[in-house]
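First the structure, in the form of structure tokens, and then the observations on it.
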Amino acid sequence: MNLHEYQGKEILASFGVRIQRGIVAHNAQEAVAAAKQLTEETGTGWHVIKAQVHAGGRGKGGGVKLAKNLNEVEEIAGSIIGMNLVTPQTSAEGKKVHQVLVAEDVYYPGESETSEFYVSVLLNRATGRNMIMYSTEGGMDIEEVAEKTPHLIYTEEIDPSTGLLAFQARKIAFNLGLSGLAFKEMTKFVASLYKAYVESDSSMFEINPVLKTSDNKIMAVDAKVSIDDNALYRRKQYAEMRDLREENPIEVEAGALGLNYVDLDGNVGCMVNGAGLAMATMDLIKQAGGEPANFLDVGGTADAARVEAAFKIILKDPAVKAILINIFGGIVRCDRVAQGVIDAYKNMGTINVPIIVRLQGTNADIAKELIDNSGLDVQSAVEFQEAADKVKAVLA
Ligand code: GDP
Ligand code: MN
């Protein structure tokens, strides 16, 4: 589950990580009130107005702007709220902005130059260990740094039996070229960041930029946080942070029905039981010259109600030109699934895309007979290749 910047910063602050402070506003008036309050609390004269959407690259898309007085706060917040923000990480239509974070300006001049770093914590799946990735090249696209100057990205792996050790935090601060107060601040920053990552059951924390202010404080200016969905049951306070407006509406609906659905860009909808078979079915569709429109695992119980729910979800995607149902009847008998498909089809009235059903396993022959004699516009297949050929034929 992804969070907004302001939510990520809330979590960081609760673990003692220094953050650029801010207040969320839903309209221009709230933004002005937030700016006044921040000036009182922090003494800041300038404010940054930051669009809160689940996408990075907001600065590049015009979603992060500096306001030098309250008139500018009002004007900028008014123009950002309600806009469709297009960034290198959104689709061409962009993302609707419902709220902004009004934040204190932390790039103020002082005794030294400000500098921007990159620090993230994530799981290294190859070693099964958490790691801290960091770079002196913060503030910009880390993907570009990785491509052009990969030697400027460092990693530090953490042994799960000891956790992050003090010398590792010092090594990071050293490699980032810091000394004096900034060095000490960075070791503290890294240690509390890592604690926040572990204790919030996150799968990623990406802070870009981490700022060294002109008076040598180290703080998080941005925060991209993903919490592991599987941990939300025991992290209720984070589960409540979910913003469904930021998520794919069909996926949200499917999730509520207990269907494991991922929306994709293709033209063939698929309904499968079991994640492995779903992956194989997507390969099959590609080989037949189609592109999967979704990943959909209906799970173990493919009864009529579930099949109907799955049909409805698949058909919400207007790009779907054919549906391939590929179910292995192990625990669930094929004839039951076939009856489920037939009942669901009849219940739904008209379905305007061709349907190919491959049922294999217990009572597959009875299932095929049921489908063939149903009088419905549903084609049956027994073999994998046969199903692929039928998909190819309906796409042609
Ligand atoms: P992103 O573009 O979505 O990654 O959003 P960020 O939160 O990283 O902000 C983008 C850029 O805005 C940062 O890299 C900074 O250069 C700039 N920025 C953020 N906060 C401030 C601030 O307080 N003052 C100034 N002058 N610039 C800021
Ligand atoms: Mn950023």
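Summary table below
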| item | result |
| --- | --- |
| Cα centroid of the range 285-304 to Cα centroid of the range 221-250, whole Å | 26 Å |
| Relative contact order, percent, the range 165-303 [alpha-carbon distance under 8 Å, six or more residues apart] | 15 percent |
| Eligible lysines near Lys217 by straight Cα distance, threshold 17 Å, same-chain separation 8 or greater | Lys9, Lys184, Lys188 |
| Rounded, prolate or oblate (a/c below 1.5 giving rounded, otherwise prolate when a/b exceeds b/c) for the range 266-320 by Cα gyration tensor | oblate |
| Sparse-neighbourhood loop sites, GluC sites (Glu not before Pro) in the range 360-396 - DSSP loop, at most 16 other Cβ within 10 angstrom | Glu383 |
| Relative contact order (%) - criterion: Cα under 8 Å, at least six apart; region: the range 80-235 | 24 percent |
| Dipole magnitude of the chain, debye to nearest 20 (Cβ charges: Lys/Arg +1, Asp/Glu -1, about Cα centre) | 460 debye |
| Whole-angstrom gap from the range 148-183 to the range 185-209, using each part's C-alpha centre | 12 Å |
| Share antiparallel - DSSP beta bridges, the chain, percent rounded to 5 | 70 percent |
| Percentage relative contact order, the chain, counting C-alpha pairs under 8 Å, at least six apart | 12 percent |
| Entries of Lys286/Lys390; Lys60/Lys195; Lys95/Lys236 with Cα pairs more than 20 Å apart | Lys60/Lys195; Lys95/Lys236 |
| Nearest-20 debye value, the range 1-136 charge dipole, Cβ charges on Lys, Arg, Asp, Glu | 620 debye |
| For the range 273-396, fraction of C-alpha pairs farther apart than 22 Å, in % | 25 percent |
| Antiparallel DSSP beta bridges within the range 252-396, as percent of all bridges there, nearest 5 | 20 percent |
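Bear in mind these aren't lab numbers, they're just calculated from the coordinates by the rules spelled out. Keep in mind that this is a model prediction, so the values were computed, not measured. All Cβ positions, glycine included, derive from the backbone under ideal geometry; neighbour counts span all protein chains shown.
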